[in-house]
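Notes for the one structure printed next.
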Amino acid sequence: MSGEEYVTLSSGARFPVIGLGTYAPLHGEDEIIVAVRAAVRAGYRHIDCAAIYRNEQAVGHALKELIVEGVVKREDLFVVSKLWNTCHRADLVLPSLKKTLEDLGLEYLDLYLIHWPMAYKEGGELCPQDENGKTLFSDVDYVDTWKALEDCQDMGLTKHIGLSNFNSKQIQRLSDSARIQPVAMQVEVNCHNSNTKLIEFCKSKNIVVIAFAPLGTPSMDHQHVKLLDEPVLKEIAAKYKKTAAQVALRFLIQSGITAVPKSVTPSRIEENIQRPVGSTGSLRQVLPGRREDPDPQQQGSANRTSGCQEGHLTRTAKVDQSDVNK
């Protein structure tokens, strides 16, 4: 990596701007181990995990090898994981975090996120459904879940706590009663999905935004030009002799956003953390006419679902209109 880059969290801690996303439902444990090893050797220090990805043991195996080999020290890593929807009830938060720590082989996390604001029915499947295939929800309030995360931070099991897929109203409601404020919020952001209003809101709260799907959303590719095929992006990439992915990531970083691109291909993993030179300002031309929903993961709505099909997470959303770009 040509120089590590960081942003500063509200706690004063340094947070790497590029991390490795480990959501890879089509890939086995051996491929995850190879990916994590390649990432850390390439300079990644931010590893993004989640209980629902069902591969934290593989991530932990790779991290243990790298630490034992002296490639990296634990204190130089920034490991993130997420609380799944079936574990929002206060008495389930600590056991869920401890299971994640056990799987990762770590004594603490650097950041623990509530993966989604809605809670699922506890005690059964990870994605519980009724006989008609409808998601079974729980009535647990994410404000109560947050209190349990605060306790986990007090115990030293995670250094920071944050959110994922919340909208601005939900963040504000949680913030109003929080004893410990969230330091980060993960949400989809890329050149096709700018999320500008939500990002501005997070910045006003001193909350660092972490972009997932920073290189585009595969499920949206049929609706418009694939992100990495955008002419403006390819033109800038050719000018600086970089890849379209590198330029798309640089665009986010220059906008003050961190990102967790996912890949299991070592060459792409290494490319994604290399710095392109110059400005990507003309990528603003990509945005008009594309998805401008700054809050695509609207939660807590009767119209909102987050379920699992064939082992993959599927996400549909009703946008919070107060967050839509003007």
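Every read-out reported here was derived from the displayed coordinates using simple, explicitly stated rules and does not represent laboratory data. None of these values were measured; they are calculated from a predicted model. Note: ideal-geometry Cβ built from the backbone for every residue, glycine included; neighbour counts use all protein chains shown.
Some observations on this one:
- ³J(HN,Hα), Karplus 6.51/-1.76/1.60, whole Hz, each residue of segment 23-28, x for Gly, Pro: 6, 8, x, 8, 10, x
- Counted charge near Gly256, where neighbours are those whose Cβ lies closer than 11 Å (Asp, Glu -1; Lys, Arg +1): 0
- Phi angles across segment 118-127 convert, under the Karplus curve 6.51 cos²θ - 1.76 cosθ + 1.60 with θ = phi - 60°, into 3J(HN,Hα) values of 7, 9, 9, 4, 7, x, x, 5, 5, 10 Hz, Gly and Pro given as x.
- Here is the list for segment 16-111: GluC sites (Glu not before Pro) lying in DSSP coil, each with at most 16 other C-beta atoms within 10 angstrom of its C-beta, are Glu69, Glu107.
- Ignoring lysines fewer than eight residues from Lys134 along the same chain, the ones with Cα atoms less than 20 angstrom from its Cα are Lys121, Lys318.
- The phi-based Karplus calculation (6.51 cos²θ - 1.76 cosθ + 1.60; θ = phi - 60°) puts the 3J(HN,Hα) values of segment 93-108 at 5, 4, x, 5, 5, 5, 5, 4, 4, 4, 5, 7, x, 10, 8, 7 Hz, whole numbers, x for Gly and Pro.
- Two-decimal log10 I(q)/I(0) for segment 40-81, as the Debye equation yields it once each C-alpha is a single scatterer, q = 0.18, 0.20, 0.24 Å⁻¹: -0.48, -0.59, -0.83
- For a paramagnetic label modelled on Leu126 (point 7 Å from Cα along Cα→Cβ), amide N atoms under 12 Å away belong, within segment 85-105, to 85-86.
- Residues whose amide H falls under 5 Å from that of Leu113, counting only those 5 or more places apart or on a different chain, are Ser81, Lys82, Leu83, Gly162, with hydrogens built in the peptide plane.
- For the cross-link pairs Lys64/Lys169; Lys159/Lys203; Lys197/Lys226; Lys169/Lys262; Lys205/Lys262; Lys82/Lys205, the ones whose C-alpha atoms lie over 32 Å apart are Lys64/Lys169.
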